[in-house]
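Below is one structure, written out as structure tokens; comments come after it.
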Amino acid sequence: MSTTTAAPATPLSYKILFVLCVCFFNEAFTFSNLFSYIGFMVWDFHLTDDVDQVGYYAGYLGSCFSLASFISSFWWGKMSDKYGKRPILLIGATGATLTSLVFGFSNSLWMAMALRFLSGLVNGNIGVVKGYTSDITDSSNQAKTMSYMQLSWGLGNIMGSILGGVMARPCEQHPSFCSPSSFLGKYPYALPNLINTFFSLLGLVMLWYFIPKQSSSSSSSSSYVRNGQVEKDEVNGLLAVVDEDEDEEEGLSAFKMTSLSKEDDETHQGVISVQLLRDSKVSAPPSDQRPFWRFKDAMILCAAYGALGAAYTVFEEAWPLWALSPISRGGLGFTPSELG
């Protein structure tokens, strides 16, 4: 009796995966960092003397990042297909670093809203990171990879909320740390955003040094060898042994390319497995040009994802506004640290 064994998972470049996880962590950190102190920040802008009106203004501030991301995400995705994902990721990380740095010094609601909107507008990394992850994975390792990405997002949310709450208003929460007349007393929300800036800058440096460059013509998923390290145009310079396995039904050929050392042609080094479509020339299949909203399954997934995102965001914003309200008004009377 024959038994079928599962094919081994394609090896991943864990260095690249780690950098992508750091990017995802930073996105979650930037998004959640604000909500631990958003109500206190709005209150300090002195827009109203009624604590019940704080939520009205906080809603505008809290929605700016998501609104701008919604507007720009399609465009950033298109640019990543045209110019490659690496430059778009670098632009997003640079934008997050600069806007986080300045946001902590906001002295008015309009300045804070403009900076959060700009941060979401120039930062399309959430979608681009997911696209990059799809490029360097296949069916054998994609689920495992995406679990790492979601773990990074959850960790970023946790750390953003904690550090945002603990580090906001440091002179009030930690009187021994600084005085009200100090720099952090004048800008009580600078410290959590300086920490956010540090993480964003760290991600930017890692992107620059560890994400491989690619030509714009090879930026799509078919351009990558599935270990995430070598591209098809780089294979041309290698000595290779090609084994062709015909598949008449699908019209495909699987080419297993094994690079040989130029110094020692008896030793096989760096085995590369690539799936290429066979025609008279190696070429990609014709793509489906229908608009994305014509794909029923994709629209169902988008709707479900949007509903979950809405529920998540409502809780993220409504919870701190309720918790900071005085107990006499039905709230919990929490400090930023307790909220975090």
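Where a number appears in this text, it was derived from the coordinates with a stated rule and is not lab data. Keep in mind the model is a prediction, meaning the values are calculated, not measured. Counting neighbours? That spans all protein chains shown, and the Cβs are built from the backbone with ideal geometry, glycine included.
Okay, here's what the table says:
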read-out	value
From phi via Karplus (6.51, -1.76, 1.60), per-residue ³J(HN,Hα) for the range 302-313 in Hz, x at Gly/Pro	4, 5, 5, 5, x, 5, 5, x, 5, 4, 4, 5
Burial order of peptide ranges 139-146, 155-162, 11-18 (average beta-carbon count within 10 Å, highest first)	155-162, 11-18, 139-146
Local net charge near D81, Cβ-Cβ under 14 Å (Lys/Arg +1, Asp/Glu -1)	+4
Efficiency of FRET between K130 and F198 - r from beta-carbon atoms, R0 22 angstrom, step 0.05	0.35
Under 11 Å, Cβ to Cβ, from F35 - net charge with Lys/Arg +1 and Asp/Glu -1	-2
Protection-proxy order for peptides 58-70, 300-312, each taking the mean of Cβ atoms within 10 Å per residue, highest first	58-70, 300-312
Environment charge of P180, counting only residues whose C-beta is closer than 9 Å and scoring Lys/Arg +1, Asp/Glu -1	0
Amide H contacts of Y37 (H built 1.01 Å from N, under 5 Å, at least 5 apart or other chain)	none
The range 113-185, relative contact order [Cα under 8 Å, separation at least 6], %	14
For q = 0.09, 0.10, 0.19 Å⁻¹, Debye-computed log10 I/I(0) when each Cα of the range 94-194 counts as one equal scatterer	-0.34, -0.41, -0.99
Label-point gap, in nm, between L47 and F70 - each point 7 angstrom along Cα→Cβ	1.8
Estimated vicinal HN-Hα couplings, Hz - the range 35-41 in sequence order (Karplus 6.51, -1.76, 1.60; Gly, Pro = x)	5, 5, 10, 4, x, 5, 5
Hz values of 3J(HN,Hα) by residue in the range 121-132 - Karplus curve (6.51, -1.76, 1.60), Gly and Pro given as x	6, 8, 10, x, 6, 4, x, 5, 4, 5, x, 4
